[in-house]
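Here the structure is laid out as structure tokens; the discussion comes afterwards.
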Amino acid sequence: MVFQISIKYYTLVRRLTYSKMSHRLLKENIKKHVRINSKDLDTICSFFEPKYIKKKEFLLTQGDIYKFEGFVLEGCFRVFTIDKKGNENVLHFASKDWWLMDIDSFMNQTPSHLNIQALEDSQVLLISRTDKLALYESVPIVEKLFRIMSQKAIVAWQRRLIRNHSLTAQERYIHFIENYPKIASKLTDRQTSSYLGITHEFLSKIKRSKK
């Protein structure tokens with residue numbers, strides 16, 4: 001009986017410790033975007049639930065409705081589409097301290113055009129649409145937080161579009177591995193070439209030319 005109580009106590013302490021550690025990273029991320037008091041910060045974090053995602057497991061499958069938005073604690077994800085010919089087109093990646101979103105499907109509750117898949121065993125914090133909308137009402141600064149995050153995401157997309165039209169494939173590859181070395185190290189050549197919009201063979205040629 002004492003042994004069983006000890007196990008339950010250990011499990012409870014472990015969960016509480018994990019919760020504090022995971023929320024600490026989320027809090028640090030939020031404070032990068034807005035000035036916020038401790039009470040509101042704690043309230044926001046209380047709405048997020050942890051989830052473990054195994055390697056190759058999908059957090060979202062194309063055609064499904066995205067019911068949660070996520071914050072990556074550990075691991076790495078790829079966000080991609082599959083066209084009518086079955087070709088995969090990688091839009092972007094998300095690793096530790098990044099957000100996972102499909103704004104269109106999440107906010108409008110429409111079938112998603114995206115797939116979100118873990119490239120390795122990963123941990124995320126998730127918030128549902130209902131809880132996010134509740135936060136908009138109870139913690140006004142949340143609206144500012146996600147507005148700023150959306151603006152930064154648009155800027156990132158704009159810069160990538162400019163690079164795609166103004167840089168060569170080799171220049172885009174160099175920019176990617178220099179700016180996102182941790183993510184690049186986790187990818188296969190096919191995943192990298194899909195993200196850059198080039199063939200696997202052409203990527204191999206680029207890598208040979210750099211040696």
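The values are calculated or read from the model by the stated rules, or taken from the named source; none is laboratory data. Quick caveat, the model's predicted, so the values are computed rather than measured. No Cβ is skipped: glycine too gets one built from the backbone with ideal geometry, and neighbour counts run over all protein chains shown.
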Problem set entry | segment 50-61 - residue that is exposed (fewer than 14 other Cβ atoms within 10 Å of the Cβ) and among the charged types (D, E, K, R) and, of those, nearest to Ser112 (Cα to Cα) | Glu57
Exercise. Do we have Leu135 as within 21 Å of Leu100 (Cα to Cα), more than 20 Å from the chain's Cα centre (by Cα) and buried (at least 16 other Cβ atoms within 10 Å of the Cβ) here?
Worked result: yes
Exercise. Right, Ile5: of a type outside the set (D, E, K, R) and either surrounded by 10 or more Cβ atoms within 10 Å (Cβ to Cβ) or modelled with pLDDT of 95 or more (or both) or not?
Worked result: no
Exercise. If you check Ile177, Ile162, which single one turns out to be in contact with a helix residue (DSSP H, G or I) (Cβ under 7 Å, 6 or more places away or on another chain) and closer than 28 Å to Lys207 by Cα?
Worked result: Ile177
Problem set entry | Ser193 of a type outside the set (A, V, I, L, M, F, W, C) and loosely packed, with under 14 Cβ neighbours inside 10 Å | no
For this session: Could you name every one of the strands (runs of 3 or more DSSP E) located completely within segment 29-88 that has at least 3 residues being over 21 Å from Tyr180 (Cα atoms)?
Result: 49-53, 58-60
Exercise. Taking segment 62-89 as the search range and keeping residues that are under 18 Å from Gln123 (Cα atoms) and over 12 Å from the mean Cα position of the chain (by Cα), which one is surrounded by the fewest Cβ atoms within 10 Å (Cβ to Cβ)?
Worked result: Lys67
Seminar exercise, completed: Scanning segment 161-196 residue by residue, the ones that are assigned to a loop (DSSP other than H, G, I, E, B), in contact (Cβ under 8 Å) with a residue 40 or more places away in the chain and under 18 Å from Glu88 (Cβ atoms) total 2
For this session: For segment 94-128, name all the residues that are assigned to a helix (DSSP H, G or I) and either modelled with pLDDT of 95 or more or surrounded by fewer than 17 Cβ atoms within 10 Å (Cβ to Cβ) (or both).
Result: Ile103, Asp104, Met107, Asn108
Exercise. What number of residues within segment 106-164 satisfy the criterion of being within 22 Å of Tyr52 (Cβ to Cβ) and of a type in the set (Val, Ile, Thr)?
Worked result: 3
Exercise. Among the residues of segment 150-160, which ones are surrounded by 12 or more Cβ atoms within 10 Å (Cβ to Cβ) and either over 18 Å from the mean Cα position of the chain (by Cα) or in a loop (DSSP other than H, G, I, E, B) (or both)?
Worked result: none
Exercise. Among the listed residues Ile198, Ile141, which satisfies the condition of being over 22 Å from Phe80 (Cα atoms) and hydrophobic (A, V, I, L, M, F, W, C)?
Worked result: Ile141
Exercise. What is the one condition in (1) closer than 29 Å to Pro181 by Cβ; (2) modelled with pLDDT under 95; (3) out of contact with any Ser or Thr (no Cβ under 8 Å at 6 or more places or on another chain) that Ala134 does not satisfy?
Worked result: (1)
